[in-house]
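Since the structure comes first, as structure tokens, the remarks are kept for the end.
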Number of protein chains: 2
Amino acid sequence: MKLGMARGEVCLRLSVILFLVLTTCLVAFDTQTKVVFLGIQKKATYNDLDALKMLVYVTSAAAGYNLLQLCKHSTCSRGNLKGSDMCVAWISLFLDQIAAYITFGTNTASVGASMIAVKGSEAFQWLKVCDKFTRFCIQIGGAFLCGYVASILMALISTISAYRVFRMYSPKWFLRLKST
Amino acid sequence: MKLGMARGEVCLRLSVILFLVLTTCLVAFDTQTKVVFLGIQKKATYNDLDALKMLVYVTSAAAGYNLLQLCKHSTCSRGNLKGSDMCVAWISLFLDQIAAYITFGTNTASVGASMIAVKGSEAFQWLKVCDKFTRFCIQIGGAFLCGYVASILMALISTISAYRVFRMYSPKWFLRLKST
């Protein structure tokens, strides 16, 4: 059963990496060129919006982190948790939580910034961009979708990490390890 | 010790409510009027940016949710978890997680949208707004800070919820309750 859980986690992490890489590629390789005014061409890339640049960096970093966790997993996760293993499990829980929140946060920040490109803002006289660069915007939308799938899976992984750590503690005494 | 943890959680939830209400008020009551062009006045409010509107709704809802949790806490959290209590604890963990992610996400989405107001976007010809409405922007920045404090506290609460649920499970068998 322990092996079953470990295999489940490996599958989860592999899917997370897949979706994160997909998000990165969809954003990073998205370009569209349009004639804007009297033959002047404008090329839209992810560099035009800081939030999208940030998203590319964060999703790459998160994919790298999950890859490292997979490597760690394959070398040292046999048997019950004791002493130093417990410490590693706590650090793992902490990092998983941070990674999940940061990925989710950056994705949502990009959605927030992109909504302005879709709807514009009359009050601040910001023009819509997506009616010109429609294909560009749709691809970015797809990237956000993949990003959210990855975020949800990472939240799930961090819950599994929490389960692995906290079930070692006594149900009666505060933060005391169970004697098994 | 159990009472100590319960009291700690009550304190945490009270601080969360405080910071969430502070965020809501800082955003909702933030206005600044400036003469823009030839005597035409422009009033900046949170209604000018969809992300800020969203933030006001979400922080209010999250504050309400934490208030409900406090009420629940005062009526039915004595003694050890058993049967239906376990079910309530799982639901509580689930809702706490969702609330933490949504609050953090909305806050970060607003930051993402507001960064455009601070820096503008040359590529899309969006003008900076914050050099005109400086006081307005600083107050919104303060609101984001409070929002992040609330988010971190909510993440902490959801970890406590996870601890409360998962320590009831056996360290040896997958998802089997401990016989205490």
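For this structure, a couple of remarks:
- For region B:107-136, applying the loop criterion from DSSP together with a ceiling of 15 other beta carbons within 10 Å to the trypsin sites (Lys or Arg not before Pro) yields B:Lys128.
- Between copies, the label points at A:Ile98 (set 7 angstrom from Cα along Cα-to-Cβ) are spaced 2.9 nm, reported in nanometres from shortest to longest.
- When A:Leu70, A:Leu18 are compared by accessible surface with a 1.4 Å probe, the order from highest to lowest is A:Leu18, A:Leu70.
- Computed lengthening from A:Lys34 to A:Ala61, 0.36 nm per intervening residue step minus Cα-Cα distance: 6.5 nm
- Along region A:11-20 the Karplus relation, 6.51 cos²θ - 1.76 cosθ + 1.60 evaluated at θ = phi - 60°, assigns HN-Hα couplings of 4, 4, 5, 5, 5, 4, 4, 4, 5, 5 Hz to successive residues, with x for each Gly and Pro.
- Relative contact order for chain B, counting Cα pairs under 8 Å that sit 6 or more residues apart, in percent: 31 percent
- Counted residue by residue at 0.36 nm each, then reduced by the alpha carbon distance between them, the extension gain from B:Trp173 to B:Lys53 reaches 38.5 nm.
- Nm distances between copies for B:Leu67, ranked from closest, using label points 7 Å along Cα→Cβ: 4.9
- Average other protein chain Cβ within 10 Å of Cβ, residues B:152-162: 2
- Derived scalar couplings ³J(HN,Hα) [region B:125-135; Karplus, 6.51 cos²θ - 1.76 cosθ + 1.60; whole Hz; x for Gly, Pro]: 6, 9, 7, 4, 10, 6, 6, 8, 9, 5, 4
- Restricted to Cα atoms, chain B shows a radius of gyration and a Dmax of 21.1, 78 angstrom.
- Dimensions of the protein assembly as shown from C-alpha coordinates, computed as largest minus smallest value along each principal axis and given longest first, are 76, 44, 30 Å.
- Comment: the Cα-to-Cβ extended label point of B:Lys119, at 7 Å, lies 2.3 nm from its counterparts in the other copies, nearest first.
- Label-point separation in nm, B:Ile138 to B:Leu12, each point 7 Å along Cα→Cβ: 3.5 nm
- Spatially close Lys pairs in region A:39-180, defined by Cα atoms under 22 Å apart and a spacing of eight or more places or different chains, total 16.
- Of all accessible heavy-atom area on region A:2-166, the percent that carbon and sulfur account for (1.4 Å): 72 percent
The values are calculated or read from the model by the stated rules, or taken from the named source; none is laboratory data. Predicted, not measured: the structure shown is a model, and the values here were computed from it. Backbone-built Cβ (ideal geometry, glycine too); neighbour counts: all protein chains shown. Note: areas computed on protein heavy atoms with side chains; ligands, DNA, RNA excluded. Shrake-Rupley method; radii C 1.70, N 1.55, O 1.52, S 1.80 Å.
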